[in-house]
Amino acid sequence: MSETTALWFSALTRDTSAEEVRGRALVSGRGCHVTDASGREYLDARSALWNASLGYGNRAVADAVARQLATLPVAQSIRHDQPAETTLRYAERLVAVLPEHLRHVRLCTTGAQAVEGAVFLSRFTRIVGGDPDRTHVIAQLDGYHGIGGLATAITGEPPVHALHGPLTPGVHHVRPWDLDHLRAEVERIGPHRITAIVLEPVLGTGVVAAPPGHLAEVQRLCQEHGIHFVVDEVSTGFGRTGALTVTGELGLRPDMLLLSKGISSGYVPLAAIATTGEVLAAATARPGVVLPHGSTGDGNPVAAAAGLAVLDELADGRVLANVRERGAQLERALSELDGVLGVRAQGLMIGVDLDADAGTVAELRLRCREEGLLLSTAGSTVVLTPPLVITAADCEELVTKLDRSMRATLPAEVASFAG
């Protein structure tokens, strides 16, 4: 192995040199573009890891963070009863824009922590309520809910499971958007033993949205059996699909709604578990017994300040309107590329299925980087999640660079621009 950097990260390979890593290291960003240490500029069509929702250099968020850093950078909201005023204010502002039945939020740091915290909270209410055998969780194959002890088990990716050794027991997976399979699994496990069903409204793996009416049917099933319905909107929430939340847009009433990524535009790590008065009452039913979950950074006032600034930026609806307009623009343009089998667009969460195998699409991602375009891939699908503030000109640049990369990478008979 050649000399490498002190920083070890997952994309690092045996063939990656320290010189290559240092040359590609990002040093600045503005709008939807980032610049590396060698001076090369890229259009970031993946929003870092789907979380730089307001792009780079947003002054409102950056200034809010700077002010809070100078005023009160740290306060504890897990073990003690003196949270920061900024954190209290953020919680109140956040629940005010969520579906009205979700009146309480527990702030944490990452999406994976929110997923785990939701399941711990669900199980905790069963324990203090005298029903400790309700421990099982159902999720979907191809669902992504983060990496961690319990989060990895809930994530529906068997190849990931195989690399993690023994997983947390009591987690079961059903085929994506298959109600019959879900109902059969509930009966097989026993509804009285299931504490929660955890679902993404749009599968991040490949951008596959729930069929019309599916989530309402899952909610009905949960209500029938007293199972907590947990909707994971870590990826879709806060504008990614053109709505503040898919939950609100569809009129769903989950017991818990999970948020992260876009709620702070990725500027400071932040996540939230929004829940109902009923769940909170169940969790606090036994005096002196509290939920044993949380970490040092939860409810950090700097993160809360970033969250407040993001709420302000989204308040007038212009960003959400831009998501819908630019998503439609990209869907039309991408559909005209030869080699494209289909486009699935949920606002600015876009899956582009290509007439190529997974290995070729992985090569395409690297070619796009050489062209100055950063994107994600999943099998034979290109996944585009640009910042919500992407412009019409940025969209044209994205399509041009993707087309050029496809013509250089895909077989000649499929890699050309139609028209």
note = Expected sort for Ser264, Ser335, Ser405 with the fewest Cβ neighbours (10 Å cutoff) up front is Ser335, Ser405, Ser264
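How would you classify the range 61-314 from its alpha-carbon gyration tensor, with a ≥ b ≥ c the square roots of the eigenvalues: rounded for a/c under 1.5, else prolate if a/b is greater than b/c, otherwise oblate? Could you put the intermediate results ahead of the total?
Working: a/c = 1.70, a/b = 1.41, b/c = 1.20.
Since a/c reaches 1.5 and a/b is larger than b/c, the shape of the range 61-314 is classed as prolate.
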task = Average the reciprocal distances over every distinct pair of alpha-carbons in the range 1-157, invert the result, and give the Kirkwood radius in Å.
result = 20.0 Å
request  = Work out the length of the dipole vector of the range 318-408 about its Cα centre, built from +1 on the beta-carbon of each Lys and Arg and -1 on the beta-carbon of each Asp and Glu, and round it to the nearest 20 debye.
outcome  = 300 debye
Ranked list, fewest to most other Cβ atoms within 10 Å of each Cβ, for Asp298, Asp133 = Asp133, Asp298
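Computed from the coordinates by the stated procedures, all read-outs in this text should not be read as laboratory data. Everything numeric here is computed off the predicted structure, so don't read it as measured data. Glycine also receives a Cβ, built like all others from the backbone with ideal geometry; neighbour counts cover every protein chain displayed.
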